[in-house]
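Undergrad: Encoded as structure tokens, here's the structure I'll be asking about.
The values are calculated or read from the model by the stated rules, or taken from the named source; none is laboratory data. On a predicted model such as this, the values are computed, not experimentally measured, just so you know. Note that each Cβ is placed from the backbone with ideal geometry, even for glycine, and that neighbours are counted across all protein chains shown.
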Amino acid sequence: MLKHAPFARYMTGETISMLGTWMQMMAQSWVVAGLTKSNFTLGLLNFASGIPMLVFASWGGVLADRHDKRRILLLTQIVQIITAVSLGWLVYIKEISVWHILIAGVCLGTSAAFEMPAASALIPELVGRERLRAAISVDRSLFHATRTAGPALGGWLMQVMGTASAFFANAASFLAMIIALFTLPSRPVGTAEEEAQRQTGMSEGWKYIRGDRPTRTMILLLMSITTCISPFFMITMSNFCRYVLHVPEEKFGILMASSGVGAFVGSLWLLRIAGQHRRTYLRGAAAIIALAMFGFSQARNLYEAMAALVFMTGGTSTLFGLANTIVQERAPDALRGRVSALTGMSFFGVLPFSGLLVAAIADSVGLRQAMGGAALLFGLAATAILYRYQHACEEQPVAGKLIVES
């Protein structure tokens, strides 16, 4: 896949940019954990960044189908550079407060609402439908490789040059993506029917998803993991490490990097999974996630937590990767931006609310108990969904058509 020049250039820019993003995410979570011990406050910060996604993602999907995705992505990179520099400066002068991070979250959430559908729909344009599964696997593999290296590199930078350096490094990393975007070709013009379909509204995306059972099933599965598992990894992880496991700053980056190891391995498996075996792998991934999440909730030291995290992120990477592959393989080209936006909302639209709920429960009963209960709930939900729609993930895609069930 990396011999395909436009895709290789885009992946190079994304890899460098994602390294910076993971560095900032790790540094920012550590900064926030130093500002507050409240899990609910962490959930509120995530809520602030997630609500713009819920409000604007549908518009982002429509724009991605109608307009040049490269220009949309260029504008979002500029917004993220400004935000990273602003937060880095506040950390550097030691004036950072929770409300600064809340405002930054709103800005980044708004940017992501337009970036996510454009980026998801761009890759199929670069490689074509026949190479899509391999392209998604490469994209996920590089994403999770940076998830391993980024926090480790960020932790080293924080020790050597101070916490603010991770934010400034992230700002600089976006330049690689901007350069790559300038080198990409424009989208090929489709048939008259496809171009007319691109000008339709968001309702066409909803209509397609309601009528396509495999896509609908994958979205339900993504919603279940976003409700039960993602809040602990995305929101409360820093508090769990700092106040439950008592992990020092220099080892927090190592723990976060270990999560990338499992995720990287999980993404590599996507290349080896044949269509007729997808149901089996989805079931296996769901079982591993539930068991590993429970194991993580019972971890008593850094090494037990690292082992559980490797298995948990390996399972989530496989599940997310397979679900997104199924969705993208089936999506009509003219609706791909809108389908990507609605699929993304199963994560970004759910996480603000599930994050607040999980954080409130964690403050009430404790993080360990909340994690254990969430592991059980996810296991039951995933089992029910995969049993109810057990053949959906093996149905063959009907490219370019709207499928409406009676």
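Undergrad: Could you identify the single residue in Gly105, Gly60, Gly88 that is under 17 Å from the mean Cα position of the chain (by Cα) and either more than 24 Å from Ser186 (Cβ to Cβ) or surrounded by fewer than 18 Cβ atoms within 10 Å (Cβ to Cβ) (or both)?
TA: Gly105
Undergrad: Can you tell me which residue is nearest to Gly61 (Cα to Cα) among those in the stretch 308-325 that are touching a Ser or Thr at 6+ places or on another chain (Cβ under 7 Å) and at pLDDT 85 or above?
TA: My answer is Thr313.
Undergrad: Search the stretch 345-362 for residues being of a type outside the set (A, V, I, L, M, F, W, C) and within 18 Å of Leu221 (Cβ to Cβ), and hand back the single one that is modelled with the highest pLDDT.
TA: To start, the set of residues in the stretch 345-362 that are of a type outside the set (A, V, I, L, M, F, W, C) comprises 346, 349, 352, 354-355.
Filter again for within 18 Å of Leu221 (Cβ to Cβ), leaving 346, 349, 354.
Values: Ser346: 82, Gly349: 78, Ser354: 85.
Once the filter is applied, the top-ranked residue is Ser354.
Undergrad: Among the residues of the stretch 30-84, write down those that are in a helix (DSSP H, G or I), of a type in the set (Ser, Thr, Tyr) and either more than 22 Å from Thr343 (Cα to Cα) or in contact (Cβ under 8 Å) with a residue 60 or more places away in the chain (or both). Before you say what the answer is, go through the steps one by one.
TA: Residues of the stretch 30-84 in a helix (DSSP H, G or I): 30-35, 39-66, 69-84.
Subsequent filtering for residues that are of a type in the set (Ser, Thr, Tyr) retains 41, 49, 58, 76, 83.
Scanning the stretch 30-84 gives Thr41, Ser49, Ser58, Thr83.
Undergrad: Can you tell me which residue in the stretch 270-297 is farthest from Thr236 (Cα to Cα), limited to those that are modelled with pLDDT under 85 and among the charged types (D, E, K, R)?
TA: That would be Arg272.
This table checks each residue for (1) over 27 Å from Ala360 (Cβ atoms); (2) in contact with a helix residue (DSSP H, G or I) (Cβ under 7 Å, 6 or more places away or on another chain); (3) buried (at least 19 other Cβ atoms within 10 Å of the Cβ).
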| position | (1), (2), (3) |
| --- | --- |
| Ala5 | yes, no, no |
| Ala8 | yes, no, no |
| Ala27 | no, yes, yes |
| Thr36 | no, yes, no |
| Phe47 | no, yes, yes |
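Undergrad: Related question: Given (1) part of a helix (DSSP H, G or I); (2) in contact with a helix residue (DSSP H, G or I) (Cβ under 9 Å, 6 or more places away or on another chain), identify the lone condition not met by Thr280.
TA: It is condition (2) that Thr280 fails.
Undergrad: Another question about this same structure. Being surrounded by 20 or more Cβ atoms within 10 Å (Cβ to Cβ), farther than 29 Å from Ile326 by Cβ and touching a Ser or Thr at 6+ places or on another chain (Cβ under 6 Å), is that true of even one residue in the stretch 229-238?
TA: yes
Undergrad: So Pro124 passes all but one of these: (1) outside any helix (DSSP H, G or I); (2) within 22 Å of the chain's Cα centre (by Cα). Which condition number does it fail?
TA: Here Pro124 meets the rest and fails (1).
Undergrad: Could you tell me which of the residues Gly344, Gly355, Gly337 is within 30 Å of Leu102 (Cα to Cα), part of a helix (DSSP H, G or I) and in contact with an Asp or Glu (Cβ under 7 Å, 6 or more places away or on another chain)?
TA: Numbers: Gly344 fails: in contact with an Asp or Glu (Cβ under 7 Å, 6 or more places away or on another chain); Gly355 fails: in contact with an Asp or Glu (Cβ under 7 Å, 6 or more places away or on another chain).
Among Gly344, Gly355, Gly337, only Gly337 is within 30 Å of Leu102 (Cα to Cα), part of a helix (DSSP H, G or I) and in contact with an Asp or Glu (Cβ under 7 Å, 6 or more places away or on another chain).
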